[in-house]
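Each remark here refers to the structure printed beneath this line.
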Amino acid sequence: MNDLWAGRREAARRTAEPLAVRMRPRSLEQLVGQTHILGEGKLLRRMLDAGVITSLILHGPPGTGKTTLAGLIAHHTKRKFEHENAAGVGVKRIREIVDEATRRLELEGKRTILFLDEIHRFTRSQQDVLLADVERGIITLIGATTENPLFSCNSALVSRSTLFRLEPLTEGEIVEVLRRAIADTEHGYGDLHLEVTDEALRVWAVKSDGDARRALNALEVAVLSQKQGSRDQGNKASGLGASVPGSLDASLLVIDKATAEDSIQQKAAVYDGTGDEHYDSISAMIKSVRGSDPDAAVYWIARMLEAGEDPRFIARRLAILASEDIGNADPHGIVMAQAAWMMVERIGMPEARITLSQCATYLALAPKSNAAYLAIDAALRDVREGRTVAVPLYLRDSNSSPIDEGVRMRDREGERYQYSHGAGHRVDGLPVSGQDYLGVKTRYYEPIEAGAEALMAARLAKVRELRDRLIRDSLKAGPAGGGSADIGGL
């Protein structure tokens, strides 16, 4: 039975729609941004052109157009669009959608797209009901999430889906979206006598942080508040208790930079303390320090702190970086990082921000070497993959040395440990003996010509040269502890 009032109710519902909903693109051509997946020759564009849409998971920050894109895919492929939230949809509702999709395919030859928002909340029982029909092509699943689906979604779901990351819109793209809304006479404010300055548009483009919905909400607040202000001024001027019909559109509404700033909240960092932003931001900070850019390092620290990151986490990462990337090129780096960590633990925020900034800028401008880091990793690789090297007899603990004919092996001629301080040979104050402390011929630590490590490199070269000469001399003199196996034995 036809509902005579359905059209009127639908019109009433549309009057309540916010600007961001009214301005949603009606076709793929109207969509702004995401050219990395929808540009000519890109994967999603190829899938749409070929009419081959498999299950998709769209992930990215809020306001990047995940819901809009899903609807456009359904429109482009002429499929029925069912929109549900994974957190609220139950097994019963999923069965209903699948049954309706089956009937629609059998009777009309029309396929169905099920769009699940917050798909990372999809439970195992929900998944079991749906996936069999997804695999048979009865229904096409498109999920949306702000989380990383590789970590937050069921592995069975991920393995059956193509993943697309949606990126925040650029400032230029946000301005384009806003200009469209200002000029659109059907869904936007094209029928108003409205002037929005470039400075106002830039304020929204910057503060929205790539979120088109947030920018459009700010425009809507600015326009509606200006309209109300114009109406109140008109009432006062005319002495009337109500505005004169038709007078509102005739008045000029000007939105300048100040109005724009008052129409949008101070931007909040899109940051999840356990998600991608947590790891991406600290990774950016570490790479900035490693790349000797103190400005970038301080920015990433500020971004994390402003979003509520634990300053102790940042201090720990700086301490690790001091050993891994600064190393012996500046031995004071690790001391600075240790002191910073201790101070951050004791003083807390907001003062800890200064300590973190001092430490990060010092490390960013310190000489850098990863020689110590490479040395331990190379040694670990040999320990794990190569032949186990036995401790030479002359280096073993005196109590563990085997006894033969009443004499410990380490006390036999040629097997005795040579006390370094009594060896009689020194290089720049370092005692050097002709004894081999490893038993295999290999090198792990290779210092570089950087900062303080340059001095260590020169000193180490002298030590190695003298030790090799002493070992050669001892071998010529007769059997003694100090011969070396070839590295090929590892």
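Structure summary
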item: Residue match in the range 195-211 (condition: of a type in the set (D, E, K, R), in contact with a strand residue (DSSP E or B) (Cβ under 7 Å, 6 or more places away or on another chain) and modelled with pLDDT of 90 or more); result: yes
item: Of residues in the range 275-290 being in contact (Cβ under 8 Å) with a residue 60 or more places away in the chain and of a type outside the set (S, T, N, Q), the one surrounded by the fewest Cβ atoms within 10 Å (Cβ to Cβ); result: GLY275
item: Residue among GLY143, GLY172, GLY188 that alone is assigned to a loop (DSSP other than H, G, I, E, B) and either surrounded by 17 or more Cβ atoms within 10 Å (Cβ to Cβ) or within 31 Å of the chain's Cα centre (by Cα) (or both); result: GLY188
item: Condition met for LEU253 (over 30 Å from PRO149 (Cβ atoms), surrounded by 16 or more Cβ atoms within 10 Å (Cβ to Cβ) and either at pLDDT 85 or above or not basic (Lys, Arg) (or both)); result: yes
item: Residues within the range 86-114 that are closer than 16 Å to GLY137 by Cβ and part of a helix (DSSP H, G or I), tallied; result: 11
item: Residues that are farther than 21 Å from GLU220 by Cβ, of a type in the set (Ser, Thr, Tyr) and outside any loop (DSSP other than H, G, I, E, B), drawn from the range 23-71; result: THR35
item: Among the residues listed as SER161, SER155, SER125, the single one being more than 19 Å from THR54 (Cβ to Cβ), of a type outside the set (Val, Ile, Thr) and modelled with pLDDT under 90; result: SER125
item: Residues satisfying the stated conditions in the range 153-169, i.e. surrounded by fewer than 17 Cβ atoms within 10 Å (Cβ to Cβ) and of a type in the set (Gly, Ala, Ser); result: SER155, ALA156, SER159
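The values are calculated or read from the model by the stated rules, or taken from the named source; none is laboratory data. Note that the structure is predicted; figures quoted are calculated from it, not measured. Neighbour counts are summed over all protein chains in view; Cβ atoms, including those assigned to glycine, are modelled from backbone coordinates with ideal geometry.
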